[in-house]
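Peer 1: My questions all concern the structure below.
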Amino acid sequence: MRKELVLLLTLSLFQLNVTARENLRQVFKNNSAIIYTINIRNFASIDKDGNGIIEENKGDTRGTFLNAKNKLKTLKNEGINTIYLLPVTKTGKLKALGTAGSLYAMDSFDEINEQLDDKTNSLSVFEEAKEFVDEAHRLNLNVIADLPACGSYDMSLKNPDWFLSDNNNKNIIPADWSDVRLFKDNEALIENYKKFVDMALNLGIDGIRADVAGIKTPEFWKNIITYTRSKNKNFLFLAEASPDWTNPAEGAIEHYSSVDELLNSGFDAYYGSFSDFKSLSTKTQFDEKIKKNLKILKNHKNSSIIGALATHDQQAPVLRGINYWNMVLWLNATLPLNSYFLDGFSTGDDYNFGYENKKAAYTLTDDEYYFVHSGMFDIFNLSASSKEKYPQLKASYLKAIDFKIKNRDLISNGTFKLIKTGNEKVFGYSITNKDRELIVLGNLDENNNQNANVKSKYMKRDYLFYVANAINSPLYENAQIKANLEPLELQVYLINLAKYRAQ
């Protein structure tokens, strides 16, 4: 009888735990995902001599699912609720980039990268990955897995019929991705993608981020998504797609799927228009991007976007200065979207590596050099965990995440409006809901201070009750906020409408 009671109690606790973790599709729909992106290969690695490269013959420890699992609680305590895994599938070794192979040079649809196996135990790498996902779920964290868009050169040699060929019967290399080859969008690929889906489902993964989703047809994705949802109706599909992007396989594929087509095929979310945010110089340009995405979201009411302002495909924001880093942070916290943070962002890692393009003492591929993209996250080598270049930034990072969590209802469900600032260099928006108004101003000038005046009918003397983020606090008089913003500064204010209405 006692054993039965213990079993019932255990089952009850398990059910409570499952209930407490919101399904990922709903989290995204509510714009409440706070995403943290990690590369298992380096996330919890130990670099004893500090040279940035993991050399196990010198006593270093590579990143694995098991040592990564031990860091999940820290992320949970910092407000993260969604873990996004950069690709964990096997990587190609021929015509490779980097000494471990690019994470996106996928060499198997349903085998996990053996580089991620902890050799000190008898568990398989799949079992270790399952432990990682189970621990994430125990902490009420959802997990997204990255599905690469192309196959490795190795895979193209083993299965040439899976790949597109040109008139000279050579596999097609899309864009400048020299280590991968372009798949044929056919029945064989559908079956192979289903293998990836089955692996993800068996691991307990909650969603997929589809790499370069537009190079496959809407019909292809509808097939894959329908198959997946027949097994898990709450499984999320996030498209790496933007209304601003062009076809990276121009001339090789007949149809490049638009964001509208991808959303119609079943995707829940896409990347938005923020990947080139650093190139914006005027309020008009900012407003046009916002309007473009608002129009798409209006036509797809259950869809959402992520704050893709600083992904592994972009240079570290801190390279443009602390003010720009802070702008990226607070846009993620205050725009009605799902926040996105790359491992290392929170402490200002600049992803500048001392080993960049130097000859390697040892390699797992046919590349003898430590290939990296300068100033960008390393996806090519067994490298050290992210550097704490500016550890003092962590407090600002935690403050912004806490602000989003506390004001989630306002940001996600309030009335969003682009506002006049009186200055083409300063963008602005407000969100109003019930008794609060959020106002955000950003200076796009990277060289000069800029002034902005913003009217608010709720602004009366001291009723501006909280300046969430500003270097110089604004003046407020005659129903106006008068702000002076440093180069690339973002200011965030909350106005207490309830206090105003009570007068």
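Peer 1: Restricting to the stretch 114-164, give me the number of residues that are polar (S, T, N, Q) and within 23 Å of Tyr340 (Cβ to Cβ).
Peer 2: Residues in the stretch 114-164 being polar (S, T, N, Q) and within 23 Å of Tyr340 (Cβ to Cβ): 2 in total.
Peer 1: I've got another one for you. Within the set of pairs 6 or more residues apart or between chains, which connect a residue that is more than 21 Å from Asn31 (Cα to Cα) inside the stretch 269-292 to a residue that is of a type in the set (A, V, I, L, M) and assigned to a loop (DSSP other than H, G, I, E, B) with Cβ atoms less than 6 Å apart?
Peer 2: Every condition considered, the pairs that remain are Leu280/Leu444; Ser281/Leu444.
Peer 1: Under the condition of being touching a Leu at 6+ places or on another chain (Cβ under 9 Å) and in a loop (DSSP other than H, G, I, E, B), which residue from the stretch 17-33 is modelled with the lowest pLDDT?
Peer 2: Checking each candidate, the answer is Arg21.
Peer 1: A further question follows. Can you tell me which residue within the stretch 280-333, out of those that are in a loop (DSSP other than H, G, I, E, B) and within 16 Å of Leu441 (Cα to Cα), is nearest to the chain's Cα centre (by Cα)?
Peer 2: Filtering the stretch 280-333 for residues that are in a loop (DSSP other than H, G, I, E, B) and within 16 Å of Leu441 (Cα to Cα), the one nearest to the chain's Cα centre (by Cα) comes out as Leu280.
Peer 1: Still on this structure: Which pairs have Cβ atoms under 7 Å, sit 6 or more apart or on different chains, and link a residue in the stretch 52-79 that is on the phi > 0 side of the Ramachandran plot to one that is surrounded by fewer than 17 Cβ atoms within 10 Å (Cβ to Cβ) and assigned to a helix (DSSP H, G or I)?
Peer 2: These pairs meet every condition: Gly79/Asp402; Gly79/Ile405.
Peer 1: Every residue in the stretch 221-279 that is of a type in the set (D, E, K, R), assigned to a loop (DSSP other than H, G, I, E, B) and either under 22 Å from the mean Cα position of the chain (by Cα) or surrounded by 16 or more Cβ atoms within 10 Å (Cβ to Cβ) (or both), please.
Peer 2: Residues satisfying the conditions are Glu240, Asp244, Asp268, Asp276.
Peer 1: Of all the residues that make up the stretch 334-355, how many are in contact (Cβ under 8 Å) with a residue 60 or more places away in the chain, under 16 Å from the mean Cα position of the chain (by Cα) and part of a loop (DSSP other than H, G, I, E, B)?
Peer 2: Qualifying residue count for the region: 4.
Peer 1: For the stretch 388-404, give me the residue count where each residue is under 23 Å from Asn42 (Cα atoms) and touching a residue at least 60 places away in the same chain (Cβ under 8 Å).
Peer 2: Matching residues across the stretch 388-404 total 5.
Peer 1: Follow-up. List every residue pair whose Cβ atoms sit under 8 Å apart, with the two residues 6 or more apart in sequence or on different chains, where the first one lies in the stretch 134-155 and is in the same structural domain as Asp206 (by TED's automatic domain parsing) and under 15 Å from Tyr84 (Cβ atoms) and the second, anywhere, is among the acidic types (Asp, Glu) and outside any helix (DSSP H, G or I).
Peer 2: These pairs meet every condition: Asn142/Glu22; Asn142/Asp206; Val143/Asp206; Ile144/Asp206; Asp146/Asp211; Leu147/Asp211; Pro148/Asp211.
Listed here are the residues, each with its yes/no results for (1) crowded, with 21+ Cβ neighbours inside 10 Å; (2) farther than 30 Å from Lys292 by Cβ.
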| position | (1), (2) |
| --- | --- |
| Asp366 | no, yes |
| Ser374 | no, yes |
| Ser386 | yes, yes |
| Lys434 | no, no |
| Ala452 | yes, no |
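Peer 1: When the residues of the stretch 34-70 are filtered to those that are part of a loop (DSSP other than H, G, I, E, B) and touching a helix residue (DSSP H, G or I) at 6+ places or on another chain (Cβ under 7 Å), which remaining residue is farthest from Ile144 (Cα to Cα)?
Peer 2: Asp49
Peer 1: Separate question: Just checking, does the stretch 225-245 include any residue being within 29 Å of Phe277 (Cβ to Cβ) and among the acidic types (Asp, Glu)?
Peer 2: Looking through the stretch 225-245, at least one residue is within 29 Å of Phe277 (Cβ to Cβ) and among the acidic types (Asp, Glu).
Peer 1: Now for a separate question. Among the residues of the stretch 163-185, are any in a helix (DSSP H, G or I) and assigned by TED's automatic domain parsing to the domain that holds Asn223?
Peer 2: no
Peer 1: Scan the stretch 204-220 for residues that are closer than 24 Å to Val133 by Cβ and either crowded, with 21+ Cβ neighbours inside 10 Å or of a type in the set (D, E, K, R) (or both) and jot them down.
Peer 2: Passing the criteria: Ile205, Asp206, Gly207, Ile208, Arg209, Ala210, Asp211, Ala213.
Peer 1: Residues that are touching a helix residue (DSSP H, G or I) at 6+ places or on another chain (Cβ under 9 Å), farther than 30 Å from Ala361 by Cβ and surrounded by fewer than 20 Cβ atoms within 10 Å (Cβ to Cβ): does the stretch 141-158 have at least one?
Peer 2: Within the stretch 141-158 (the criterion being touching a helix residue (DSSP H, G or I) at 6+ places or on another chain (Cβ under 9 Å), farther than 30 Å from Ala361 by Cβ and surrounded by fewer than 20 Cβ atoms within 10 Å (Cβ to Cβ)), the answer is no, since none of the residues qualifies.
Peer 1: Sticking with this one: From Gly50, Gly63, Gly59, Gly79, grab the single residue that is surrounded by fewer than 20 Cβ atoms within 10 Å (Cβ to Cβ) and under 30 Å from Glu22 (Cβ atoms).
Peer 2: Gly79
Peer 1: Thr91 versus (1) under 18 Å from the mean Cα position of the chain (by Cα); (2) crowded, with 23+ Cβ neighbours inside 10 Å: which is the lone unmet condition?
Peer 2: Status for Thr91: all satisfied but (1).
The values are calculated or read from the model by the stated rules, or taken from the named source; none is laboratory data. The structure displayed is predicted, hence computed values, not measured ones. As a convention, Cβ positions derive from the backbone with ideal geometry for all residues, glycine included, and neighbour counts pool all protein chains shown.
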